[in-house]
Amino acid sequence: MKRALNAPVYALPLFGRARVLHKGKEVRVPRKGLGLLYYLALEGPTTRERLAQLLYGHAAGLQNLRVELHRLAEALGRPVFPRGQDPLALPEWVRLETLGHGEALEGLEDVGILWDWVLEVRARHEASSGVPCRQDLLRELSALRPPFLLVLRGRLGAGQRLLAQGLARVLGLAFHQVLRPEGLVYLEPPYPQVPLKDLLRSKALLVLSLDPGEEPRFFLELRASYPVERMRVVELAPLGWLEAKEGFLVGVAFPEAARAYFMAGGQPEWIPEWLACPGPPQRPLAQLRLRARWLSEPARVALERLSVASGTISEGVLDALGALPYLEELERKGWIVYREGYRFAKEAERRLLYEALTPGRRRELHERAATALTLAGPSLEEMQHRLALGEGVGELLPPGLREVLSGEALPVGWVGQGPERALLPREGPGVVPSPRGFAAALLEPGEEAFLELASLEEALLLEVSGEAYAPPEGLGFLLGLRTGGKEVYVRLAGAFLHRFLVGPGSLHLRFRGPGVAELALRAFQARPGHHKAVVLTA
């Protein structure tokens, strides 16, 4: 039954002092009646017996509740509930207002025995009133209307709960973490054991958090039975660098922001954890270890051993670390993936597991891996283990990269700075525009980003300036420039300024990680002068 257009609407602000508003003005309501309205708004239809227990906590509660309902009707100027209604349901002309500031349900702590419930509600909405996350996706999902099944598939730290809380606020729905007939109901493993028919009849917006790997029976049964027009599955990828900067990292200096973003692998729940800790945060590590308990013990031990191997893991290393018998289980459970070889599904997870190894255990495993790789010939995979052992690796590097680590001299000339020339960058995979000019964030081993400049008509002095972050191990974050058949690499670290003398023709920039960099490009007519520049001309 639709509400008449001229029917009064009463609002219950969730945040700040608990009160009833009508046309922006506060309506004086008895405190127990106020608590009753908020409870119905947040928890859905509730029996009179349950409400009497919450508000009075004694045997005469039902009689007191009847008196309270009469007082509430007098305060609002109309009957609030139909005679004999049980369970009681919030009338359609009263709504919960989920926008606002302050602590949730201020002032209801001392009403009846609502104290524990008030604390629970505040815990539910703590994250939703904080930093915005995935705003573009939230706007897209704001068109959803219950009843509906929304599945959020993502890895640990992807922020499924945070997104569900934000969606509840956008839609003006009460947020629940247990099954309720209405509102937004957020469910995560272990899922409740309830009849499927009850879920299919639900009038709530069900939001299901789904871990990677093998799909649980609970989800498969829902997907097989839920109407396709009332269901959607969303894959939650890590946040992009610029999205994280505008949210969790707003106002944070670049070195600190880039470190937190990179170490968290772009996962919204983990970024604040790394931001707050100088070392590996314990909460994400505890989450990983808890999830690893679903593995058999030999597979879990093999996973911990494999954490010394970044990027693609050769068969020899898999064998040396005793992981070959457990690859199927690790892949099925979502810990590793096959991409031209086995590797960790997420580098941020590998790093946390690696940090948990004792120094002696790390050294032993690196030695086993390096020994297995020696017979296969020089490789970057062997290089990472030799670096971890503190050994020289110059002979393992391909030409072009050897100079970066060894410090071998690049061809250098002295150039002057003439009039500035316009550059015409073209779209490149992995490079995005930023307020500084361009940004590239490479979170996984082997990732690369490219930027191509329109063909240059004359020799130019190219300036590349900005800031970069890379983890302390490895080669660092590298910038490669190629033109006229020549290619050189420089390491980008901290605040940097590099100058290159480039000849006419096409110019390609390649970023190799892992790491994060923001940079600006400027070009000037080249003249004789005193600026030191890497020479890329014939």
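The values are calculated or read from the model by the stated rules, or taken from the named source; none is laboratory data. Note that the structure is predicted; figures quoted are calculated from it, not measured. Note that each Cβ is placed from the backbone with ideal geometry, even for glycine, and that neighbours are counted across all protein chains shown. Quick note on the areas: whole protein, heavy atoms, side chains included, nothing else; ligands and nucleic acids left out. Shrake-Rupley method; radii C 1.70, N 1.55, O 1.52, S 1.80 Å.
Values for this structure:
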| quantity | calculated |
| --- | --- |
| Residue within the stretch 359-375 that is at pLDDT below 95 and within 30 Å of residue 456 (Cα to Cα) present | no |
| Pairs with Cβ under 6 Å, 6+ apart, first in the stretch 162-181 and under 15 Å from residue 15 (Cβ atoms), second open to solvent by 30 Å² or more (accessible area, probe 1.4 Å) and among the hydroxyl-bearing types (Ser, Thr, Tyr) | 170/142 |
| Hey, residue 463 at pLDDT 90 or above, among the charged types (D, E, K, R) and open to solvent by less than 40 Å² (accessible area, probe 1.4 Å) or not | yes |
| Selection within the stretch 420-460 - surrounded by fewer than 19 Cβ atoms within 10 Å (Cβ to Cβ) and within 18 Å of residue 254 (Cβ to Cβ) | 432, 433, 434, 435, 436, 437 |
| Some residue of the stretch 216-234 being among the acidic types (Asp, Glu) and modelled with pLDDT of 90 or more | yes |
| Qualifying residue in the stretch 307-327 (condition: among the charged types (D, E, K, R), open to solvent by 40 Å² or more (accessible area, probe 1.4 Å) and under 25 Å from residue 153 (Cβ atoms)) | no |
| Any hit, the stretch 270-292, residues being open to solvent by 40 Å² or more (accessible area, probe 1.4 Å) and either within 21 Å of residue 321 (Cβ to Cβ) or β-branched (Val, Ile, Thr) (or both) | yes |
| Among residues of the stretch 234-254, those that are surrounded by fewer than 23 Cβ atoms within 10 Å (Cβ to Cβ), part of a loop (DSSP other than H, G, I, E, B) and more than 10 Å from the chain's Cα centre (by Cα), counted | 5 |
| Tally of residues being more than 20 Å from residue 178 (Cβ to Cβ) and in contact (Cβ under 8 Å) with a residue 60 or more places away in the chain across the stretch 22-63 | 3 |
| Breaking point among (1) free of Cβ contacts under 8 Å to residues at least 60 places away in the same chain; (2) within 19 Å of residue 156 (Cα to Cα); (3) surrounded by 22 or more Cβ atoms within 10 Å (Cβ to Cβ); (4) not aromatic (Phe, Trp, Tyr), for residue 348 | (1) |
| Residue, nearest to residue 335 (Cα to Cα), within the stretch 293-305, restricted to residues that are touching a residue at least 40 places away in the same chain (Cβ under 8 Å) and in a helix (DSSP H, G or I) | 303 |
| Of all residues making up the stretch 466-495, the number that are closer than 28 Å to residue 381 by Cβ and open to solvent by 20 Å² or more (accessible area, probe 1.4 Å) | 12 |
| Scan of the stretch 258-269 for residues that are surrounded by 23 or more Cβ atoms within 10 Å (Cβ to Cβ), outside any loop (DSSP other than H, G, I, E, B) and either of a type outside the set (A, V, I, L, M) or touching a strand residue (DSSP E or B) at 6+ places or on another chain (Cβ under 9 Å) (or both), ordered by number | 258, 261, 262 |
| Scan of the stretch 352-394 for residues that are among the aliphatic types (A, V, I, L, M), open to solvent by less than 30 Å² (accessible area, probe 1.4 Å) and in contact (Cβ under 8 Å) with a residue 40 or more places away in the chain, ordered by number | 352, 353, 357, 365, 369, 373 |
| Residues of the stretch 212-230 classified as more than 25 Å from residue 333 (Cα to Cα) and open to solvent by 50 Å² or more (accessible area, probe 1.4 Å), total | 3 |
| Single unsatisfied condition, residue 110 versus (1) exposed (fewer than 14 other Cβ atoms within 10 Å of the Cβ); (2) at pLDDT 85 or above; (3) of a type in the set (Asp, Glu) | (2) |
| When residues of the stretch 295-306 are limited to those that are more than 14 Å from residue 368 (Cα to Cα) and of a type in the set (A, V, I, L, M, F, W, C), the one surrounded by the fewest Cβ atoms within 10 Å (Cβ to Cβ) | 301 |
| Counted residues, the stretch 10-32 - those being farther than 19 Å from residue 69 by Cβ and crowded, with 21+ Cβ neighbours inside 10 Å | 2 |
